[in-house]
Every structure is written in C-alpha cells, then in structure tokens.
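Have a look at this one.
The values are calculated or read from the model by the stated rules, or taken from the named source; none is laboratory data. On a predicted model such as this, the values are computed, not experimentally measured, just so you know. Reconstructed Cβ throughout: ideal geometry from the backbone, glycine too, with neighbour counts over all protein chains shown.
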Amino acid sequence: MRYALLICTDETTDLAMSPAEAETQFAGYMKFGEDMTKRGVLTGGERLRPSTDATTVQVRNGEVVTSDGPFAETKEQIGGFYLVDCKDLDEAIEIAAKIPGARVGSIEVRPVWEM
Amino acid sequence: MTGTAAPSGDVEAAVVAAFHSDWGRVVATLIRVTGDWDLAEESAQDAFARALERWPGDGIPRNPGAWLTTTARNRALDRLRRATTGAAKLEEVAVNARSDASGDSGDGGDAAEDEFADSGVEDDRLRLIFTCCHPALAREAQVALTLRTLAGLTTAEIARAFLVPEPTMAQRLVRAKHKIRNAGIPYRVPPAYLLPERTGAVLAVLYLLFNEGYSATAGAELVRVGLCAEAIRLARTLVALMPDEPEVIGLLALLLLQDARRTARVDPAGDLIPLEEQDRSRWDGDSIAEGLDRLDAALRRAQPGPYQVQAAIAACHATARRANDTDWAEIAALYGELVRMVPSPVVELNRAVAVGMAEGPEAGLRLVDALDDSGALAGYHLLPATRADLLRRLGRATDAAVAYRAALFLAATDAERRYLTRRLAEMAVAG
C-alpha cells in the first residue's frame with residue numbers, strides 16, 4: 001500500500017525556533033530519511049515553504065482566481081510530506097510516529113488512491 | 001452427518017443456538033478467506049438460510065459451526081463465480097480454502113467438522129474483533145462493526161440500540177468497511193508490542209456496549225437491554241481467546257457483577273433505585289458467583305488494571321448482604337487506586353462518595369468541594385447531586401435543597417429528574 005504522510009505543524013512555533021533547535025530538528029529529519037530509505041519504504045517527500053509563500057488558485061466560470069495564502073486558514077499547516085510504500089496501515093502509523101514533526105504537530109496518513 | 005430428519009422446532013432452536021455461537025466465527029473466517037466484508041456477511045446469511053432448509057431433512061449436523069462455515073465458503077465461491085470480475089478473487093479464495101483443509105465437501109461433511117476445532121478458526125474471531133476495534137476507526141464505527149460482524153445484529157437492530165435512524169447506521173457501517181479496505185487496515189491480531197494498546201480499545205468497546213444496555217431501563221428500551229447480554233457474550237469469547245490477559249478476565253468479572261443487579265435497579269415505573277435501597281434478594285446469585293470466581297482468577301495473575309479494580313469495587317457491593325454491611329473503606333481505597341491508574345474527575349467524584357460513606361459526610365464534602373473548585377466537572381449533574389446528598393446527611397437541608405436544584409437543572413433523563421425531585425421534596429419537609 002502507498003501512503004502520503006502529511007506533516008502538519010504550527011508554523012509560528014517552527015519560525016520561533018532557535019538555530020540550535022532548528023539544527024536538531026533538521027538532523028532528526030535527515031536520520032528519518034536515511035532510516036526509511038535503508039528500510040526500503042520511502043519513495044518520495046519534500047519540505048514545503050511556509051504558507052505565507054503559498055498561492056491559492058481556483059478556476060470559476062472559466063476565470064482563474066488567484067489569492068495569497070493557503071486554501072484554509074488553520075493554525076497547523078502542511079509543512080512537508082513523505083510518500084511511503086509499506087505493508088498496511090499499521091506499518092504506515094509506525095513510520096508516521098517516527099517523523100520528528102509528530103512530536104510537535106500531527107501527521108495525516110492518507111492512502112494513495114491507486115488508479 | 002447425523003443423517004436423521006429432525007422436528008422443525010428442534011431445527012429452529014438449533015439454528016438460533018448456532019447463530020449465537022457461530023455467526024461471528026463464520027463471518028470472521030469468510031473475511032479472512034475472501035478479504036471481502038460484504039461478501040462474508042452475505043454468504044454467512046445464505047448459510048444460515050440454507051441450514052433452515054436442509055437441517056429438517058438431513059438432520060442437525062454434529063458440528064453446526066463447521067457445516068455453516070463450509071456452506072458459507074461454498075456460497076462465496078458461487079457468488080464469485082457468477083460475478084464476471086471475480087476470476088482472480090476466485091482463484092485466491094480457492095487456494096485459501098484448500099490450505100484451510102476444511103473446505104472440501106458440499107454442504108459440510110464429517111471431514112470438515114473434525115478439522116473445525118483446531119484449524120485456526122478461533123484466531124479468526126480474534127482477528128475480526130481487533131480489526132473492528134482498530135484505532136483508525138471512530139469509536140461509534142468500532143461499536144457498530146463489532147455488533148454487526150461478530151454478534152450478528154442487523155443494521156436495524158443496531159440503529160435502534162443506538163437511537164439513530166437506520167440509514168445513518170447503514171452508512172456508518174459502509175464507511176467503516178470502506179475505510180478498512182481503502183486505508184489498508186490489516187486483518188490480524190496485532191503483534192505483541194501493539195497488543196496492550198489495542199486490547200484496551202477492544203475492552204473499551206465491550207464496556208461501552210454493556211453500558212449502553214445497562215443505562216436502558218424501560219420496556220421500550222428492551223433492544224438496548226440486549227446489548228448487556230451481547231457484551232457479556234463477546235467478553236466470554238475474548239476470555240476464551242486471550243485466557244492469559246488479566247484485564248480481559250477483569251472486564252468479564254465486572255460485567256457479570258454489574259449485570260447481576262440489572263433487574264433490581266429499576267422500579268416498575270422504570271425509575272432507578274439507588275444501590276442502598278435495592279432488594280438484594282433480587283440480585284442474580286449465579287452471576288455474582290461467576291463474577292467473583294473470574295475476579296479471583298484475574299487477581300491471581302498479580303497484574304492489576306482498571307477493569308480488575310472496578311470489578312473489585314463491584315464485588316464489594318455484590319458481597320454485602322445488607323447495604324449497611326458494605327465495606328466502604330475498602331471501596332474508597334480501591335477508588336484511590338483507580339484514580340492513580342486512570343486519573344479522571346468522574347473517578348475522583350466516586351472516590352468522594354466512598355470516602356463520604358467510610359469516613360463521614362464531612363470528609364466526602366471536602367473532596368467534592370475541591371472537585372467543584374477545579375471546575376473539571378462543570379455541567380455534570382452528579383457533582384451537585386453528590387454534594388446535595390452529603391449536605392442532606394449533614395442535616396444542612398437548605399444548602400442541600402440548593403444543590404438538588406442545581407443538579408435537577410443539569411440532569412439529562414426523566415428518571416434522574418424524578419429521583420432528584422423526590423429528594424428535593426424531602427428537603428422541603430426537613431427544612
């Protein structure tokens with residue numbers, strides 16, 4: 001089964017981090033990436049720039065409507081994601097719990113809709 | 001086969017008995033073999049319908065569970081054969097059926113019956129209950145799925161039991177089954193490192209089922225009362241499947257000890273009778289005896305847990321011949337232990353009641369007032385109701401009346417309001 005693990009964190013906490021804290025967090029993500037690659041479950045993933053850099057696009061009546069910011073103004077925003085290919089939901093949950101962001105924010109586990 | 005025709009009354013009784021004991025097994029096995037929850041349920045239904053047709057002429061099989069499982073599996077194969085898209089699935093099911101070594105002859109032969117007991121079928125029910133209670137499913141979906149697949153209640157019955165419209169319940173079940181498939185929830189007993197956490201969810205579902213039934217009192221709610229029996233039946237199954245888990249045994253003990261009081265706790269009008277006013281001769285002695293035995297068996301393993309402690313509290317009540325004989329000091333100590341295991345303001349409130357009985361209303365009132373100040377139980381009618389009872393026992397009728405009025409304002413059911421109104425009237429007389 002393939003899953004997207006969406007990392008949802010409070011951006012204001014992320015921005016308020018000291019350089020040392022940011023360093024530790026970065027190291028945590030690097031280690032997660034290495035571990036999961038070795039395990040053979042990681043198939044992709046990216047860190048995303050904060051929602052202040054986001055642009056939302058809609059097409060209504062044939063017209064492109066562009067606005068500044070994320071599509072939903074919530075406290076927690078998607079700050080990155082991984083794509084994993086693993087056995088079942090239990091394994092996906094176990095992997096999600098190892099993402100450093102799980103300790104401060106939430107990981108949404110979404111099965112990929114296979115076509 | 002036994003081979004001799006059976007009277008239709010016997011057959012109906014046998015099918016009903018088999019339904020209670022084997023529905024869950026048949027569905028659990030069929031889900032494993034086909035991987036399709038809907039097909040499993042439909043095939044199980046077919047098998048029971050077929051039993052009603054066949055058993056009057058063929059006789060009741062020696063092992064009805066094996067007969068039903070084999071028949072259901074064959075029905076599943078038939079259904080897949082008829083479906084144009086079923087080819088790959090059919091192959092898979094046929095392979096699974098062969099490796100099971102019990103899916104050979106037509107409508108269930110002797111060979112199948114002999115294999116039944118030790119073919120891993122027991123594990124299927126355990127797989128099923130853990131999958132139904134997977135934490136990725138909402139609690140209400142866990143409950144509904146458990147009742148439908150394991151206990152065999154119809155969607156209409158479950159809807160009535162939980163007071164929701166049938167289409168709502170049907171949709172809840174469909175969504176839960178879709179999530180199991182689409183999100184890849186595994187059909188298995190969780191590995192050891194997940195077991196404590198996952199077992200907790202299973203026990204919570206069974207206890208919730210029981211409480212839904214237990215809180216139902218009047219005749220109109222008879223369907224809900226049936227939930228108590230289902231919860232006990234499922235808890236028994238779980239004990240048989242996990243005989244070394246003291247908390248599982250503790251839950252069964254708790255259910256039995258509480259259920260023993262069920263008929264004595266309501267009056268003919270459907271109003272709740274408080275524990276100290278119940279006619280203890282109406283408590284079910286067999287149920288208490290079994291509950292106490294189970295509790296002993298659990299406690300001997302020396303791994304205490306919240307269900308065992310709650311069962312021990314229920315045992316203190318069950319073994320007191322008169323209300324005045326109740327060992328309130330022991331109950332207060334047990335609630336103290338429970339608060340340490342599962343910190344919760346509701347448990348604190350129960351401890352305050354026990355302390356109020358063991359050490360006097362003054363001591364209880366101090367604990368209740370501390371809880372009141374914390375605000376943790378704001379809006380919960382039993383907080384002012386408990387306060388009112390303690391004040392009444394201290395002879396402070398005016399203060400008690402104020403607290404009864406506060407409780408009355410918050411009470412949710414008519415029965416609770418009638419009880420509080422009665423107490424309030426007593427205060428008016430006393431004051």
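Restricting to region B:30-59, count the residues that are among the β-branched types (Val, Ile, Thr) and at pLDDT below 95. Show your work before the answer.
Filtering region B:30-59 down to residues among the β-branched types (Val, Ile, Thr) leaves B:31, B:33-34.
After this cut, where a residue has to be at pLDDT below 95 as well, the list is B:33-34.
Qualifying residue count for the region: 2.
Also: Would you call A:Glu114 within 14 Å of another protein chain (Cβ to nearest Cβ) and in contact with a strand residue (DSSP E or B) (Cβ under 9 Å, 6 or more places away or on another chain)?
Answer is yes for this residue.
Moving on to the next point. Look through region A:69-108, keep the residues that are assigned to a helix (DSSP H, G or I) and of a type in the set (A, V, I, L, M, F, W, C), and return whichever of them is farthest from the other protein chains (Cβ to nearest Cβ).
This residue is A:Ala102.
Given (1) over 15 Å from A:Val109 (Cα atoms); (2) surrounded by 14 or more Cβ atoms within 10 Å (Cβ to Cβ), identify the lone condition not met by A:Gly79.
Condition (1) is where A:Gly79 drops out.
Check B:Pro343 against each of (1) outside any loop (DSSP other than H, G, I, E, B); (2) closer than 29 Å to B:Leu299 by Cβ and name the one condition it does not meet.
The failed condition is (1).
Restricting to region B:188-198, give me the number of residues that are more than 12 Å from chain A (Cβ to nearest Cβ) and touching a residue at least 60 places away in the same chain (Cβ under 8 Å).
0
From the set of residues in region B:374-414 that are small (Gly, Ala, Ser), surrounded by 18 or more Cβ atoms within 10 Å (Cβ to Cβ) and within 32 Å of the chain's Cα centre (by Cα), which is farthest from B:Met357 (Cα to Cα)?
The qualifying residue farthest from B:Met357 (Cα to Cα) is B:Ala411.
Would you confirm whether any residue within region B:156-173 is part of a loop (DSSP other than H, G, I, E, B) and either touching a residue at least 24 places away in the same chain (Cβ under 8 Å) or aromatic (Phe, Trp, Tyr) (or both)? Let's see the steps before the verdict.
Our first condition is that a residue be part of a loop (DSSP other than H, G, I, E, B); within region B:156-173, this holds for B:162-165.
Okay, now just the ones that are also either touching a residue at least 24 places away in the same chain (Cβ under 8 Å) or aromatic (Phe, Trp, Tyr) (or both), so B:162.
Looking through region B:156-173, at least one residue is part of a loop (DSSP other than H, G, I, E, B) and either touching a residue at least 24 places away in the same chain (Cβ under 8 Å) or aromatic (Phe, Trp, Tyr) (or both).
For residues that are among the small types (Gly, Ala, Ser) and within 14 Å of chain A (Cβ to nearest Cβ), scanning just region B:129-187, find the one that is surrounded by the fewest Cβ atoms within 10 Å (Cβ to Cβ).
The initial filter retains those residues of region B:129-187 that are among the small types (Gly, Ala, Ser), namely B:136, B:138, B:141, B:144, B:151-152, B:156, B:159, B:161, B:170, B:176, B:183-184.
Next, from what is left, pick out any that are within 14 Å of chain A (Cβ to nearest Cβ): B:136, B:176, B:183-184.
Numbers: B:Ala136: 16, B:Ala176: 23, B:Ala183: 18, B:Gly184: 20.
By that ranking, first place goes to B:Ala136.
Would you confirm whether or not region A:11-27 contains a residue that is within 23 Å of B:Gly184 (Cα to Cα), of a type in the set (D, E, K, R) and surrounded by 10 or more Cβ atoms within 10 Å (Cβ to Cβ)? Can you show your working first?
Keep residues of region A:11-27 that are within 23 Å of B:Gly184 (Cα to Cα), which gives none.
Looking through region A:11-27, none of the residues is within 23 Å of B:Gly184 (Cα to Cα), of a type in the set (D, E, K, R) and surrounded by 10 or more Cβ atoms within 10 Å (Cβ to Cβ).
Scanning for something assigned to a helix (DSSP H, G or I), within 25 Å of B:Glu348 (Cβ to Cβ) and out of contact with any Phe, Trp or Tyr (no Cβ under 7 Å at 6 or more places or on another chain), does region B:279-294 turn up at least one residue?
no
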